[in-house]
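Notes to accompany the following structure.
The values are calculated or read from the model by the stated rules, or taken from the named source; none is laboratory data. In this text the structure is predicted, and so the values were computed from the model without any measurement. FYI the Cβ positions are ideal-geometry reconstructions off the backbone, even for glycines, and counts take in every protein chain you see.
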Amino acid sequence: MAIEPNNETLIARYLLGELPEEQQVEIEDRAFQDKDYLASITAVENDLIDEYVRNELSETDRRKFEDRFLASAERRKRVEFAKALTRIVPEYAFKQKTALAPPAVSWRESLEAFFRSLNPVAKFAMAAVILLVLVGGAWLVTETLRLRSQFTTLQAENQSRQNERQALEQQVELQRRRNEELAARLNEEKQQREQSDESLRQLSETRDATSPPARPVVASLTLLPGISRGAGDKPTLALTSDARLVRLQIGVEPEEQYKSFAVDLRTVAGQRIWNRENLTARNRGGARAIGLTLPATVLKPGEYELSLRGVTEGGRSEDVGFYYFNVNKK
Amino acid sequence: MITPRQKWTLNQEAFDKLLLALGGDRDSGSQKYLEIRTNLTRFFEWRGCSFPEDHADETINRMAKKVAEGEEILNHSGYAMGVARLLLLEIIKSRQREQSALNEMENRGEAYVDSDDGESRLTCLRNCLQSLSAENRDLILQYYQGEKSEKIRNRKKLMERLGIPVNTLRMRALRLRERLQGCVEECVGRA
């Protein structure tokens, strides 16, 4: 059903809320029975929105529009869209005008007119020239494509070489860092050993200065894996009053292959009293064990838990086992 | 937004009954339901309500209640419009009761603030226009080009060029505009 211009005005008045109730009902009833009419209302609605965003509405209509159209979020979205469309349309109109600017006669028509104006000899010469240009052009295109392909291959090779060089540099850097790390660890172990030797030497001197030892100043205990906290046969370390150092031999299963080990010594109440990292397991008499030396003053009579952790090549720490022992003082 | 007077709420059984009453079977009932709901939303929008979709749902709820109570409705679309008009009266009365006209105006003024996503909307619209075919892009841009009389002249030229009547042109422009707006809203939502 075609919509008359006066109908458009009526619909616009309806949309602005200017019609009496009976007419509004008429329009609504018709809209929901006639899809074309419904579409017409939407089209008029769009035009009203466009006029609003272009400031083309009278002050009164503008107020009515705002009262009715800006009430719901859905319609506000339509207003936002109309604002964007109003800004975009002139941009495209300008592009279209620019595109239409060339003269009315097309290049093809001009070319045809030019050929028509030539005499037969000139036409033949022109055809020969065009043929030459076409053949030359084709050769040039082929040659350019070939060179471009070569250039692309060379670029790819160059890139591949660069990538290889970068990978090698990264490997060298990694190796250098690893060497530095190993040197630092070696140094640390050396210092620890020197400290232990010094402690032993001092103890030895003390012993020599007083009297020959009737009892050892280094108390030793071997801890084996697999002893639970609740086991009754937990090993006991007997500390004499003159014991200065405690040497713990922590047994490690052969399959526990780690870069290094770390130890945490805790009281039965969970209080950490000693810890040491970067320890290595050594084979002694057919068994693997980690030696740990600590001052005897650290240990008070009571029950202890020693947790052993292994550090993988990647630097990840994993639990290896827990060892329990008692300490008695004599 | 108006709150329902009754404690009655739509349940699955009542909704199934409504769909059957609307279309005889569930599929055609669903289609009719969507059509009625769209029309109701448009109606509340045209009448300047703030929450058209909520009011459309409330109207359908009231209709579903009647169907569940066994009331025989011959023309569901017309019945729904009747309920919607009664609901509209309730909304207007409620609005008048709750606030004076002046406050209403002030609140409206405050409620609408220009969204600050104008630039992203423009970018989205440019992209969405590019996704249209060249023919459709030209159509929508020329249809909405110009002001007042210039716009009318443009549309006449477009009708002549495409050889289609005004209503066909209007429908095409309308569909394209709806498609573009949907594309822009989706794009803005993603941004």
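Data table
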read-out	value
Hey, B:Glu185 at negative phi and surrounded by fewer than 16 Cβ atoms within 10 Å (Cβ to Cβ) or not	no
Filter result (at pLDDT 90 or above and more than 21 Å from the chain's Cα centre (by Cα)) within region B:170-191	none
Among (1) outside any helix (DSSP H, G or I); (2) within 7 Å of chain A (Cβ to nearest Cβ); (3) among the hydrophobic types (A, V, I, L, M, F, W, C), the one test that B:Ile164 misses	(2)
Candidate set from region B:143-161 (those that are at the interface with another protein chain (Cβ under 10 Å from one of its Cβ atoms) and assigned to a helix (DSSP H, G or I)); member that is nearest to A:Thr42 (Cα to Cα)	B:Tyr143
Elements of type helices (runs of 4 or more DSSP H) contained in region B:8-69, each with 1 or more residues being of a type in the set (Ser, Thr, Tyr)	B:26-46, B:52-68
Some residue of region B:147-154 being assigned by TED's automatic domain parsing to the domain that holds B:Ser120 and touching a Pro at 6+ places or on another chain (Cβ under 8 Å)	no
Any hit, region A:31-38, residues being facing chain B (nearest Cβ under 9 Å), buried (at least 20 other Cβ atoms within 10 Å of the Cβ) and within 29 Å of B:Glu185 (Cβ to Cβ)	yes
Boolean, A:Asn283 is under 36 Å from the mean Cα position of the chain (by Cα), of a type outside the set (Val, Ile, Thr), farther than 18 Å from A:Phe325 by Cβ and assigned to a strand (DSSP E or B)	no
Any chance A:Glu91 is of a type in the set (Asp, Glu), more than 8 Å from chain B (Cβ to nearest Cβ) and assigned to a helix (DSSP H, G or I)	yes
Residue among B:Arg179, B:Arg175 that alone is out of contact with any Pro (no Cβ under 9 Å at 6 or more places or on another chain), surrounded by fewer than 19 Cβ atoms within 10 Å (Cβ to Cβ), facing chain A (nearest Cβ under 10 Å) and part of a helix (DSSP H, G or I)	B:Arg175
Residue match in region B:48-69 (condition: away from chain A (no Cβ under 12 Å) and either aromatic (Phe, Trp, Tyr) or touching a residue at least 60 places away in the same chain (Cβ under 8 Å) (or both))	no
The lone exception for A:Tyr52 - which of (1) closer than 25 Å to B:Gly146 by Cβ; (2) within 11 Å of chain B (Cβ to nearest Cβ); (3) within 51 Å of the chain's Cα centre (by Cα) it fails	(2)
